[in-house]
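Quick notes on the structure that follows.
The values are calculated or read from the model by the stated rules, or taken from the named source; none is laboratory data. Remember, predicted model here, so these are calculated numbers, not experimental data. Each accessible area value is taken on the protein alone, full model and side chains, heavy atoms only, with ligands, DNA and RNA left out. Shrake-Rupley method; radii C 1.70, N 1.55, O 1.52, S 1.80 Å.
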Amino acid sequence: YEFAVLLDGIHIGAVSAYIEDGSAELGWILDKLYWGQGYAFEAAFALLQFCQDLGVCHFIAHCDDRNSASKRIMEKLGMTLTLCCGGRKNRASEELGTECIYELTLA
């Protein structure tokens with residue numbers, strides 16, 4: 001599933017959920033103009049609830065270790081850091097980084 005994030009009719013980003021075997025990988029992206037205003041968390045939370053309504057109880061999300069905003073969103077969603085590993089390729093540079101993986105299991 002992929003959903004546009006709209007603000008007053010303006011497309012400001014997207015959220016996505018890739019569901020397989022009762023588990024969902026969540027993702028989000030937001031136009032830089034709208035960072036730090038809570039929109040990404042609000043959209044990610046709505047996505048998590050949508051997935052729960054579909055019967056999903058296990059969630060995973062990942063980000064570059066330097067992406068503190070995404071880490072905060074994952075933590076606010078109740079997710080826990082489960083792994084950090086090297087080898088993450090960032091599209092914006094040739095530099096390899098560290099990837100953080102967060103998970104959440106709901107009853």
(message) If each DSSP helix of 4+ residues adds -39,500 (n - 2.57) and the sum is divided by the residues in the chain, what number results at 222 nm, nearest 500 deg cm²/dmol?
(response) -7000 deg cm²/dmol
(request) Work out from phi, with θ = phi - 60° and the Karplus expression 6.51 cos²θ - 1.76 cosθ + 1.60, the ³J(HN,Hα) of each residue of the stretch 47-59, listed in order in whole Hz, and give x for Gly and Pro. (result) 5, 4, 5, 4, 5, 4, 4, 8, x, 6, 10, 10, 10
(request) Just need the relative contact order of the chain here, percent rounded to a whole number, with Cα pairs under 8 Å and 6+ apart. (result) 22
(request) Send over a whole-number figure in Å² for the accessible area per residue of the chain, probe 1.4 Å. (result) 64
(request) Compute the length gained on full extension between D53 and T80: take 0.36 nm times their separation in residues and subtract their Cα-Cα distance, giving the result in nm to one decimal. (result) 7.6 nm
